[in-house]
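K.L.:
Dropping a structure here in structure tokens format, bear with me for questions.
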Amino acid sequence: MGEFEVIQRYFANSGRHRSDTLLGVGDDGAVLQLRDGYDLVVTTDTMVAGTHFFPDVDPRALGHKLVAVNISDLAAMGAEPAWLSLAMTLPKVDDEWIKAFAAAFSETADYYNCQLVGGDTTRGPLTLSVVAKGQVPRGKMLSRSGAKVGDYVYVTGTLGDAALGLRLCQGQVEVSKKHSAHILQRFHYPTARVALGQALRTTASSAMDLSDGLYSDIQHLLRRSQVGVSLDIDKLPLSQALRDSCDHTTAIALALSGGEDYELLFTVPENKRGTLDVLLSPYGVPVTCIGRITGVAGKLELKAGNQPFAYEHHGFEHFV
Ligand SMILES: [Mg+2]
């Protein structure tokens, strides 16, 4: 099967059909109609076999995750997802593999209201690259650069589950039967916090998504906002599955440095903090205050309650 047939067969009608897609798959370029008064948000993420995923991973999980991690970046910008482009480098055309991958890609794109509008396939080591495009009301995007001294720092969901899932896949940890499905789900099938990101447009002073782990990701936000942060490790939201599966020190290390959580981290000024619970209650995603922004530019301070917390960060290690 050649490139044209692969695209025609599996990707011609991928994701949600959108009326604002004037030209999609099949032409030299896509033509997309932005809503009046909206700005375009564009983000790219690449996944390489052996670096970002196991080469023998279930292609359905891969199709899902590729879409979700890109949409997560749009969520972090407060954008409404709309369109995806996909560049695939494949070692060979394995019909069953592509079929499963394409089905999951389409299903997940559809879930997030996204249409696949173009792409490219080439021969080579398995590499998947997505460009995700979304829309945000003019001037209302979230960014990493708006955090101010005194703002409260929040995260959505729980941290460290995906990192535990990776270690479970690698056979490095044991997780009880009761928790293993949840943990593997969190690793293979992350959820982009799209509705919540949009809800935060009026309230958050800055936002980002957590892909490499809280400890390293938040430093990008500190740099962009030219502030510091004090985090209380006792406040980190840890799932029951994580608590039950490892000792406290390991749980904290996975939550701080593990990566692939795809939760949102955001800051809220004191005067908007009171409305946050009401604002976010319809979304069913817990949010937890884990610290405050400080004036010492670039400084990440960890505390356990009122005591300084000594921590040696080991970055997210790609796993092959
Ligand atoms: Mg990101």
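The values are calculated or read from the model by the stated rules, or taken from the named source; none is laboratory data. Keep in mind that this is a model prediction, so the values were computed, not measured. Cβ placement follows ideal geometry from the backbone for every residue including glycine, while neighbour counts extend to all protein chains displayed. Calculation scope for accessible area: heavy atoms of the full protein, side chains included, ligands and nucleic acids excluded. Shrake-Rupley method; radii C 1.70, N 1.55, O 1.52, S 1.80 Å.
K.L.:
What's the lysine pair count for the chain at a Cα cut-off below 26 Å, pairs eight or more apart or interchain?
P.N.:
Close lysine pairs found across the chain: 18.
K.L.:
Using only alpha carbon pairs under 8 Å that are at least six residues apart, calculate the relative contact order of the chain and give it in whole percent. Walk me through the numbers on the way to the answer.
P.N.:
Working: 712 pairs, mean separation 73.2, N = 320.
Value for the chain: 23 percent.
K.L.:
Please state the charge dipole magnitude for region 183-249, taken about the Cα centre, from unit charges on C-beta atoms (+1 on K and R, -1 on D and E), reported in debye and rounded to the nearest 20. Mind showing how you got there, number by number?
P.N.:
Working: 7 positive and 7 negative charges, 65 e Å.
Approximately 320 debye in magnitude.
K.L.:
For the chain, modelled as a Gaussian network with Cα springs under 10 Å, which listed residue fluctuates most, E260, E80, E174?
P.N.:
For the chain, modelled as a Gaussian network with Cα springs under 10 Å, the answer is E174.
K.L.:
Let me ask you something else. Restricted to Cα positions, what overall size does region 26-74 have along the principal axes? Three whole-Å values, descending.
P.N.:
Over region 26-74, Cα extents along the principal axes are 44, 26, 17 Å.
K.L.:
Search the structure for amide H atoms under 5 Å from the amide H of D232, placed 1.01 Å from N in the peptide plane, and list their residues when 5 or more places away or on another chain.
P.N.:
Residues meeting the criterion, in which the H sits 1.01 Å from N, are G291, K303.
K.L.:
For the chain, with only Lys/Arg (+1) and Asp/Glu (-1) charged at the beta-carbon, what is the dipole magnitude about the Cα centre, in debye rounded to 20?
P.N.:
Computed charge dipole of the chain: roughly 820 debye.
K.L.:
Please work out whether the chain counts as rounded, prolate or oblate from its C-alpha gyration tensor, where a ≥ b ≥ c are the square roots of the eigenvalues and a/c under 1.5 means rounded, while otherwise a/b larger than b/c means prolate and anything else oblate?
P.N.:
It comes out oblate by the Cα gyration axes.
K.L.:
While we're on this one: With springs only between Cα atoms under 10 Å apart, run a GNM on the chain and tell me which of T121, T267, T249 wobbles the most.
P.N.:
T249
K.L.:
Next question. Please report how far the C-alpha centroid of region 103-151 lies from that of region 157-207, rounded to the nearest whole angstrom.
P.N.:
18 Å
K.L.:
Round to a whole number: what % of the accessible area of the chain belongs to carbon and sulfur, probe 1.4 Å?
P.N.:
49 percent
K.L.:
Oh, and also: Please list, in chain and number order, the residues 5+ apart from S143 or on another chain whose amide H is under 5 Å from its amide H, with Hs placed from the backbone.
P.N.:
A207
K.L.:
Now a separate question. Calculate how large, on average over all directions, the projected area of the Cα convex hull of region 3-137 is; give the answer in nm² to one decimal.
P.N.:
Here the figure is 7.5 nm², rounded to one decimal.
K.L.:
A further question on this structure: Suppose every Lys and Arg Cβ carries +1 and every Asp and Glu Cβ carries -1, with no other charges. What dipole size does region 152-308 come out with about its Cα centre, to the nearest 20 debye?
P.N.:
Working: 15 positive and 15 negative charges, 59 e Å.
With only Lys, Arg, Asp and Glu charged at Cβ, the dipole is about 280 debye.
K.L.:
So which residue, out of T122, T108, T44, gets the largest mean-square fluctuation from a GNM of the chain using Cα contacts under 10 Å as springs?
P.N.:
Of T122, T108, T44, the most mobile in the Gaussian network model is T122.
K.L.:
Note down the nm distance, to one decimal, between modelled labels 7 Å out along Cα→Cβ at S145 and at R273.
P.N.:
2.7 nm
K.L.:
Accessible area per residue, 1.4 Å probe, Å², for the chain: what's the number?
P.N.:
Numbers: 14610 Å² over 320 residues.
That works out to 46 Å² for each residue.
K.L.:
Quick one: length gained pulling S19 to H313 fully straight, 0.36 nm per residue minus the C-alpha distance? Walk me through the numbers on the way to the answer.
P.N.:
Numbers: separation 294, 0.36 × 294 = 105.84 nm, distance 4.72 nm.
Difference between extended and current length: 101.1 nm.
K.L.:
Let me ask something else about it. Separation of region 50-79 and region 24-48 by C-alpha centroid, Å?
P.N.:
Here the two parts' Cα centres lie 18 Å apart.
K.L.:
Same structure again: Can you give me the span-like helices of the chain, meaning DSSP H runs with 20 Å or more of Cα extent along the axis and Kyte-Doolittle mean at or above 0.0? Intermediate results must be reported in sequence, preceding the final value.
P.N.:
Details: long enough: 59-76 (26 Å, 0.56); 95-111 (24 Å, -0.15).
Helices passing the filter in the chain: 59-76.
K.L.:
Still on this structure, I have one more. Please list, in order along region 276-285, the HN-Hα scalar couplings obtained from phi with the Karplus expression 6.51 cos²θ - 1.76 cosθ + 1.60 (θ = phi - 60°), rounded to whole Hz, x for Gly and Pro.
P.N.:
Residue by residue, region 276-285 yields 4, 4, 5, 4, 9, 4, x, 8, x, 10 Hz.
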